[in-house]
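Chemist: Encoded as structure tokens, here's the structure I'll be asking about.
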Amino acid sequence: MQKSKILEMLWLADKAGLLDEPSERKYWVHPLIENRENPKKFLVFFNDLRKYPEKFFDYYRMSINSFDELLQKVRESITKNYTQLRNPITPEERLTVTIRYLSTGVSFSALYYDFHIGKSTISGIVRETYQVIWSTLKPTEMPEITKDKWLEIADVFYLKTNFPNCLGAIDGKHIRCKNPKNSGSLFFNYKKYFSVVLMAVVDANLQFISIDVGAYGKEGDSNVFKNSNFGKLLYSNKLDLPEPALLPETESNPQPYVFIGDEAFALRTHLLRPYPGRNLTDIRSVQL
């Protein structure tokens, strides 16, 4: 690299303040939170809230039993060791901070004042805890589905909706967000706000079979689903779906098992959608 180029870069860095001596940190721990363990505000609040199940549910968006069950499963992974410098944040509080963030969308700044925990610490707690929750619950709550399980799901769909050979319902949801820097219109959706897309497949009991989060808001549901892991497996015939089966009260012409979506999705062998409303005819209306 030429010396003149190096000098130019140094000059720009100096003008930007990058070469200035780092300023001394005013506080190592801000006075607002340095005494957070006295009088153990969270522990008092947590124990008091458990006396009122309805208020507990309002705050956590789950029952006391559900919270305790979840805490039992993740406690070991989110428990930190005591040190000579400070006591660790308890598993109960770590899980509470994460649940409040995930269930309400409240900012780290708001959680900072609610829990008297530094924003950078809250960020680390949330990131670590939800990764633990996902890795702990996924094998039991969203396992890989076998052919026998698909048949079980189809039986429940038929029992509840009178719809045979149905394996799941698919739809997308726009989650409002702030437009990320330098992203242009990637996150701007047809509803005229910025969003990421949550794509989900659910069974007849409204339980998730698969989820995909993070697609650009400008993308349509059909493209989001096609590019999701579940969509790629479905379209490449790698989901271990049951073989075509006869519909009730028929003796020939077995039909494939299908997922159902709205008219935003593309019609496929294993994905059924209604006729577009703008192209309905009298015959199609009767078929619907």
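The values are calculated or read from the model by the stated rules, or taken from the named source; none is laboratory data. Just so it is clear, the model here is predicted, and its values are computed rather than measured. Cβ: placed from backbone, ideal geometry, glycine included. Neighbour counts: every protein chain shown. Ligands, DNA and RNA are excluded from the accessible area calculation, which covers all protein heavy atoms including side chains. Shrake-Rupley method; radii C 1.70, N 1.55, O 1.52, S 1.80 Å.
Chemist: Per residue, how large is the accessible surface of segment 145-198? Use a 1.4 angstrom probe and give square angstrom.
Modeler: 65
Chemist: With all protein chains present and a 1.4 Å probe, how do SER183, SER236 order by accessible area, largest first?
Modeler: Descending order: SER236, SER183.
Chemist: Given the convex hull over the Cα atoms of segment 82-212, what projected area results after averaging over all orientations, in nm²?
Modeler: For segment 82-212, averaging the hull's shadow over all directions gives 12.1 nm².
Chemist: Dipole of segment 129-268 (Lys/Arg Cβ +1, Asp/Glu Cβ -1, origin at the Cα centre): which of THR129, GLN207, SER195 lies farthest to the positive side?
Modeler: Comparing the listed Cα positions along the dipole, SER195 ranks first.
Chemist: What share of Cα pairs, in percent, lie more than 16 angstrom apart in segment 107-149?
Modeler: I get 54 percent for the Cα pairs in segment 107-149 exceeding 16 Å.
Chemist: For segment 172-288, state the average projected area of the convex hull of the C-alpha atoms over all orientations, rounded to one decimal in nm². If you can, show how the numbers build up before the last one.
Modeler: Numbers: hull surface 39.1 nm².
Its Cα hull, projected and averaged over all orientations, spans 9.8 nm².
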